[in-house]
Amino acid sequence: MAKWPVLARHEHAATWLQAWEDLGRAPRTLDAYAWGLAVYLALCDREGVDPLAADRAHVGVFVRELTSRPHRHGRNVVSIISGAGLANATVQQRLVPVRLFYDFLMEEGLRASNPVGRRRYTPGRRGSAQQRGLVPRFSKLPWIPDEQQRRDLLDVARGESVRNRVMLALAYDAALRREMVCSLRTDDLDPAHRTVRVRAETTKNRLERVVPYSAPTGVLLSEYLVLRATVSRARGPLFLSFRLPSGGEGLRSLAD
């Protein structure tokens, strides 16, 4: 709560966030909820609006700010709409904690309706059976690097440490997100069958799975394990930090 003082100034916001923490939500999820709600409450403070009395028009001001604020990377961003506003997916993400907060206020009897709203199924509607939410959701094709971009990536990877190279290789082979890679443990590996176990608590869908990795990745992994043993032979996080004073600890970020 100390990271976002605006949440502490709003009693119901602090209570709502504490409830999610008590329910065991992941730390990164709590950070995302806290950040999104803090941005919204800060806007309410600037506009002199009581969040408990805010209506759809006030939420619209919040959306307008998200879609028009200067991008922190400025014109260096390579996208269809570059240099201003947050991406559609980020705007949707920012609205989630605001929507959930108003759901909480409704459950507590502090509001009669949710100004954010959500997509709803409407039987009998022509065309789409979904009523559009506050902000339309865009579905874009995934970005696929061309041959030169792949070569550039490999050229950069060659200059990295063996730890970082094996992290990249595992992420590619097993389709792992950054959080999954950083959360791998030594007992998740099965070198005999060249498989790695992805624990349920590190996945978005909370489903455990076992995925294979390639023979070249296995060679890199063996080389890294020899290096890891010089720092720590204890079971635990697979990828360790080699920086002091946190050397030998699990990764907190890729910067370690």
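No value in this document is a laboratory result; all are computed from the given coordinates. The shown structure was predicted, so the numbers you read here are calculated from the model rather than taken from an experiment. Quick reminder, even Gly has a Cβ in these numbers, built from the backbone with ideal geometry, and neighbours come from all protein chains shown.
Could you work out how much longer the chain between Asp55 and Leu30 gets when fully extended? Use 0.36 nm per residue separation minus the Cα distance between them, nm to one decimal.
Values: separation 25, 0.36 × 25 = 9.00 nm, distance 2.50 nm.
Gain in length upon complete extension: 6.5 nm.
Give, as ranges by residue number, the residues of the stretch 33-60 whose backbone N falls under 17 Å from the point 7 Å along Cα→Cβ of Gln93.
33-40
Would you please give the FRET efficiency between Gln18 and Asp103, computed as 1/(1 + (r/R0)^6) with r the Cβ-Cβ distance and R0 = 22 Å, to the nearest 0.05?
Working: r = 16 Å, r/R0 = 0.71.
Using R0 = 22 Å, I get an efficiency of 0.90.
If I model a spin label at Glu201 and Gln148 as a point 7 Å from the Cα along the Cα→Cβ vector, what separation in nanometres do I get?
Between Glu201 and Gln148, the label points sit 4.6 nm apart.
How big, in percent, is the set of alpha carbon pairs in the stretch 147-229 lying more than 19 Å apart? If you can, show how the numbers build up before the last one.
Values: 1258 of 3403 pairs.
Distances greater than 19 Å cover 37 percent of the Cα pairs.
Between Arg177 and Asp45, what's the calculated FRET efficiency when r is the beta-carbon distance and R0 is 35 Å? Round to 0.05.
Values: r = 35 Å, r/R0 = 0.99.
Efficiency, from the Cβ-Cβ distance: 0.50.
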